[in-house]
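Have a look at the structure below, then the notes.
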Amino acid sequence: MKFKNPVIRGMNPDPSVCEANRKFYLVTSSFNYFPGIPIYESDDLINWRQIGHCLTREEQLPLESATISSGIFAPMIRFYNGVFYVVCTNTSGTGNFLISADSPSGEWSDVIKIEQDGIDPSLFFDDDGAAYFMSNGNDENGRPCVLCAPIDLSSGKILQKPRALWHGTGGRFLEAPHLYKIGTTYYIIAAEGGTEYGHTSICARSKNLWGEYESCPRNPILTNRDKGGYELQGAGHGDLVQASDGSWWFLHLAFRQQGKWLTFHQLGRETCAEKVEWRDGWPVIGAEGVALLQADCPDSHNFAKQIFSFKKSFTSIQKCEWNYLRNPDFSRYEFRQNSLRLYGTEIGIESGKSPTFIAIRQSEFNESISVTVAPNETEAGISIFMDESHHYDVFAKKCANKIRMSARIRIGPALTENAMQIDGTSEEQSEARLYCECSAEQYLLGVEINGKRHELFRAQSRYLSSEVAGGFTGVMLALFAVGKGAAEFKDLIIEHKEA
């Protein structure tokens, strides 16, 4: 039996997974978006549903200084003695920290700061109950390594000077270290190569926690770096888990490029699943170390049919699916039955602050979004948003007795706009229906009037890709309002039909 990757689609990188009470829980990076650290639940490791966030309070998640692609990096989740633990890095202030909860969907604790540098932190519980904290870093000679130290989880205090466990295989950017004990053997799985096309996962083992660690002779144990002409790329940074049927799995990041040879990706890094077999005491991940779009499932493992088609609206989108830029002022957002009122301010979406902006992840290349807007002097519409310098917008604004509808393209310092206007004095023409049709290679922005669509702009997707814009995020489909006053959004439709 086969399943399709990615299993969590759209921007969900750096996955970490644990098993608890015969269910699986997974967290991913959220960067400068609020709330922070989305958490997913699954019965079968293949079909996932978002159940909330770990960071839901401003005191847990200060993001005022967070630029795009800073903020929350690489959380790691573990379940031990009835308690869920997450360690993570807020690169925009807190540094490494720890939170805990009795229920993954419930309120998580206040942040406990951990005084150890590095990113991609990790927890390990040994057989005697001792807890260890790991991150990437440098040894006393300045060499990149995996650092490890015992930790007091109640205070976050590091109990001994961190020691270097392993120096990796020599690839750049040694990161994402996770430690496991399987039987009597300790395993480290980490990432190298950078989280782009050269990304890899690597492995080492030892009979002693403090080493010496032996590198796997088949390193890297997962990479798609030599798979030219293949849509799934950037495979690496993952976490190992065992299912109740005895099968082993590796949940990892990868991204889909626009096509076979178009080396651009705009959906962000996503979460994929791979079966794991053990050979000579080493893990063999995926198809002999390659991540595939059509992946094999172990014969012993059952999973529900994957459904990729969807049609979302204000009434069907879960509260936890919405995202805000940095720390929002929630008084600007008023949800109603099948509508949303946004109260604009002079803070624009290019300001680097927290504008009136609410978004969900674009999860498929071929996706559409449309919404009806009743504007006033507020500029209100849809933003196809990668970052402040790379976004495509279609919006409406009422000026005197006219409604002006515009498509604006921002690519770095370049800005261009096309517009049309209609009479806004009659009741039936006091609104504007805005839309964007997304595909792998382009975004089509326009407005619908009396059932007829008018295209305002076509823009290539590559300019919103990570290869052009840079950074670690993916495109978000956002509703926004800029200017004094309120704008009413209704009849939102976000849709994807599986081919």
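Cα-Cα over 22 Å: which of Lys23/Lys113; Lys397/Lys484; Lys23/Lys275? If you can, show how the numbers build up before the last one.
Values: Lys23/Lys113 29 Å; Lys397/Lys484 12 Å; Lys23/Lys275 17 Å.
Result: Lys23/Lys113 exceed 22 Å.
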Cα gyration tensor category, rounded, prolate or oblate, for the chain with a/c compared to 1.5 = prolate
note = Answer in debye to the nearest 20: the dipole magnitude of the chain about its Cα centre, from +1 Lys/Arg and -1 Asp/Glu charges placed on Cβ, is 700
request  = Note down the accessible area of Val276, probe 1.4 Å, to the nearest 10 Å².
outcome  = 10
ask   = Largest first, how would Cys399, Cys272 line up by accessible area (1.4 Å probe)?
value = Cys399, Cys272
ask   = What accessible area, in Å² to the nearest ten, does a 1.4 Å probe give for His454?
value = 60
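Rounded to the nearest 0.05, what FRET efficiency is calculated for Arg172 and Leu209 with R0 set to 25 Å and r the Cβ-Cβ distance?
With a Förster radius of 25 Å, E is 0.40.
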request  = Would you tell me the accessible area of Lys497, worked out with a 1.4 angstrom probe on the heavy atoms of the protein chains, in Å² to the nearest 10?
outcome  = 150
request  = Considering only protein heavy atoms, with the full assembly of protein chains and a 1.4 angstrom probe, order Trp210, Trp166 by accessible area, largest first.
outcome  = Trp210, Trp166
task = Pull out a ≥ b ≥ c, the square roots of the eigenvalues of the alpha-carbon gyration tensor of the stretch 189-311, then state rounded if a/c is under 1.5, prolate if not and a/b is larger than b/c, and oblate in the remaining case.
result = oblate
inquiry  = If I take the Cα coordinates of the stretch 1-44 and project them onto the principal axes, what are the three extents in Å, biggest first?
reply    = 37, 26, 13
Whole-number accessible area per residue in Å² for the stretch 10-95, which is evaluated in the context of all protein chains at 1.4 Å = 27
task = For each pair in Lys2/Lys181; Lys4/Lys497; Lys402/Lys497; Lys452/Lys497; Lys4/Lys490; Lys260/Lys319, compute the distance between the two Cα atoms and list the pairs where it is over 26 Å.
result = Lys2/Lys181; Lys402/Lys497; Lys4/Lys490; Lys260/Lys319
ask   = Taking a ≥ b ≥ c as the square roots of the eigenvalues of the Cα gyration tensor of the stretch 433-499, is the shape rounded (a/c under 1.5), prolate (a/b larger than b/c) or oblate?
value = oblate
ask   = Carbon and sulfur atoms: what percent of the 1.4 Å accessible area of the chain do they account for?
value = 47
ask   = Cα centroid distance between the stretch 1-58 and the stretch 369-400, in Å?
value = 30
ask   = At 222 nm, what helix-only mean residue ellipticity would the chain give, in deg cm²/dmol to the nearest 500, using -39500 (n - 2.57) for each DSSP H run of four or more?
value = 0 deg cm²/dmol
key: Per residue value of the accessible surface for the stretch 238-280 (all protein chains in place, 1.4 Å probe), Å²   = 31
remark   = From most to least accessible, 1.4 Å probe, no ligand or DNA/RNA atoms counted, Lys311, Lys227 line up as Lys311, Lys227
query = Between the stretch 115-184 and the stretch 248-266, how many Å separate their Cα centres?
reply = 28
note = Once normalised by the length of the chain, the mean sequence separation of its alpha carbon contacts under 8 Å that are 6 or more apart gives a contact order in percent of 14
request  = Using only Cα atoms, locate the centre of the stretch 434-473 and the centre of the stretch 336-361, then give the distance between them in Å, rounded to an integer.
outcome  = 19
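The values are calculated or read from the model by the stated rules, or taken from the named source; none is laboratory data. What you are looking at is a predicted structure, and each value in this text was computed from that prediction instead of being measured. All Cβ positions, glycine included, derive from the backbone under ideal geometry; neighbour counts span all protein chains shown. We work out accessible area using only protein heavy atoms, side chains counted, and drop any ligands, DNA or RNA first. Shrake-Rupley method; radii C 1.70, N 1.55, O 1.52, S 1.80 Å.
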